[in-house]
Amino acid sequence: MLKPVIEPSVNAEDFAGQASWAAPSNIAIVKYWGKHGVQLPRNPSVSMTLSKALTGTRLHWRPGTGRLVAFSASGEADAQFADRVAAYLSKMALEHPALARLDFGVETENAFPHSSGIASSASGFAALALGLASAVVAESQGAEASLPEDGPAFRSFAGRLARLGSGSASRSLCGPWMAWGQTEAFADNAEKPTDDHAVPLDHVHADFSTWRDAIAIVDAGKKAVSSSAGHRLMEGNPFAETRFGNARQRTLALDRALREGDTDTFVQIAEAEALELHALMMSSKPSYILMRPGTLAVIQAVQEFRADTDLPLCFTLDAGPNVHLLYPASAAAQVEDFIHDAVRRYCDDGRVLMDAAGEGPTRLKD
Ligand code: DP6
């Protein structure tokens with residue numbers, strides 16, 4: 001089949017419908033690392049939704065055959081990114097007949113700095129999936145045509161589409177806390193966490209909705225090994241089964257800590273998960289290291305600060321060198337002084353992105 005020509009800019013007049021969404025990134029406390037089948041997680045994961053690391057995406061559609069026909073990222077044509085989105089859209093056309101009858105134009109923009117080392121796949125796929133879910137509502141007849149966009153059925157549907165783009169994106173559909181993947185934890189949650197899509201957590205202690213995330217940008221460069229490659233390397237990792245069991249146990253312990261407001265347990269789980277994630281990378285074949293000297297320096301400074309002050313500041317890491325510093329609003333004044341005095345010196349251009357727990361995506365004016 002001939003590859004369709006993707007126009008490098010989007011002209012709204014060429015399309016019949018549109019929907020615009022802003023979706024946030026999220027930071028996992030229990031990590032998703034290892035997958036199987038069609039983007040299904042090997043273990044449950046739990047994350048805090050952020051509020052400032054947002055992607056805004058306007059999706060345009062017209063009658064067609066499930067192709068991407070026009071694309072711009074931050075007002076520019078980005079051929080590599082366009083190819084990834086085109087492949088995703090043609091997969092999504094197989095997920096729902098309404099999507100198979102449409103062609104798409106996509107305009108997308110990140111609210112966070114371009115080379116900040118912050119992964120945009122969670123916020124990017126969440127915003128795009130919400131646009132697709134809006135297109136399904138607009139273009140379907142029957143029950144789907146009246147799905148309210150602020151209801152759980154719409155969110156679950158969009159969450160499934162987001163997961164198929166990037167697993168962690170499914171956890172960006174609501175806030176401030178979400179869980180994805182089958183687990184015995186959260187038994188009395190209104191929606192049961194499943195492998196299909198993430199669900200918002202109902203019984204989280206109010207203190208945890210005030211938590212902040214200061215992201216110390218130790219290295220703003222592109223990471224050497226993608227998350228997708230990292231997930232694949234879990235097949236054959238000698239510690240894989242132990243790891244999946246640890247994540248299941250920590251999900252149960254985090255459930256209790258989140259509902260009771262137990263910050264000591266939270267801190268212990270967050271740091272154990274971050275270090276285990278990177279230990280898995282170091283024990284993969286081939287082995288790789290994404291931490292930098294600055295990563296370790298920030299980790300050490302955080303642990304010393306906690307020992308000195310008894311304040312519940314902890315760190316976590318994604319699949320990269322940057323350090324997420326997590327703390328409650330009640331400790332913000334002291335922690336932010338500490339970041340200024342003892343963390344910025346290890347960061348690229350002194351950069352630390354200040355973020356906080358958020359409520360999830362918003363539909364923007366079209
Ligand atoms: C370390 O969701 O980026 O951030 O499903 O292949 O797109 P794909 O992977 P992705 O993996 C995220 C891994 C992580 C941990 C987490 O967010 O749970």
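The values are calculated or read from the model by the stated rules, or taken from the named source; none is laboratory data. Note that the coordinates shown come from a computational prediction; the quantities given were computed from them, not determined experimentally. Methodologically, a virtual Cβ is constructed for each residue, glycine included, from the backbone with ideal geometry; neighbour enumeration extends over all protein chains shown.
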Quiz item: Quick one: in region 68-89, which of the residues that are over 12 Å from Gly124 (Cβ atoms) and surrounded by 16 or more Cβ atoms within 10 Å (Cβ to Cβ) is modelled with the lowest pLDDT?
Solution: Ala82
Practice problem: Please specify each residue of region 142-158 satisfying the condition of being outside any helix (DSSP H, G or I) and not hydrophobic (A, V, I, L, M, F, W, C). | Solution: Pro148, Glu149, Asp150, Gly151
Quiz item: Do we find that Arg232 is within 16 Å of the ligand (Cβ to nearest atom) and either within 23 Å of the chain's Cα centre (by Cα) or basic (Lys, Arg) (or both) in this structure?
Solution: yes
Quiz item: Residues of region 195-244 being basic (Lys, Arg) and modelled with pLDDT under 95, which ones?
Solution: Lys222, Lys223
Quiz item: Can you tell me which residue in region 143-180 is farthest from Gly360 (Cα to Cα), limited to those that are more than 10 Å from the ligand (Cβ to nearest atom), touching a Lys or Arg at 6+ places or on another chain (Cβ under 7 Å) and not acidic (Asp, Glu)?
Solution: Met178
Quiz item: Any residue in region 275-285 that is out of contact with any Phe, Trp or Tyr (no Cβ under 8 Å at 6 or more places or on another chain), within 16 Å of the ligand (Cβ to nearest atom), part of a helix (DSSP H, G or I) and under 17 Å from Ala216 (Cβ atoms)?
Solution: yes
Quiz prompt | Top-ranked residue of region 10-42 - restricted to ones that are of a type in the set (S, T, N, Q) and crowded, with 24+ Cβ neighbours inside 10 Å, ranked as farthest from the ligand (Cβ to nearest atom) | solution = Ser25
Quiz item: Taking only pairs six or more apart or across chains, which ones have beta-carbon atoms under 6 Å, a first residue in region 311-330 that is within 20 Å of Gly350 (Cβ to Cβ), and a second residue that is hydroxyl-bearing (Ser, Thr, Tyr) and away from the ligand (no atom under 16 Å from the Cβ)?
Solution: Leu313/Tyr327
Quiz item: In region 325-366, which residues are among the basic types (Lys, Arg) and within 17 Å of Lys52 (Cβ to Cβ)?
Solution: Arg351
Quiz item: Among the listed residues Phe208, Phe186, which satisfies the condition of being within 19 Å of the chain's Cα centre (by Cα) and either more than 16 Å from the ligand (Cβ to nearest atom) or free of Cβ contacts under 8 Å to residues at least 12 places away in the same chain (or both)?
Solution: Phe208
Self-check item: Within region 7-87, strands (runs of 3 or more DSSP E) holding 3 or more residues that are not hydrophobic (A, V, I, L, M, F, W, C)
Solution: 17-30, 45-63
Practice problem: State yes or no: is Leu296 surrounded by 14 or more Cβ atoms within 10 Å (Cβ to Cβ), part of a helix (DSSP H, G or I) and modelled with pLDDT of 95 or more? | Solution: yes
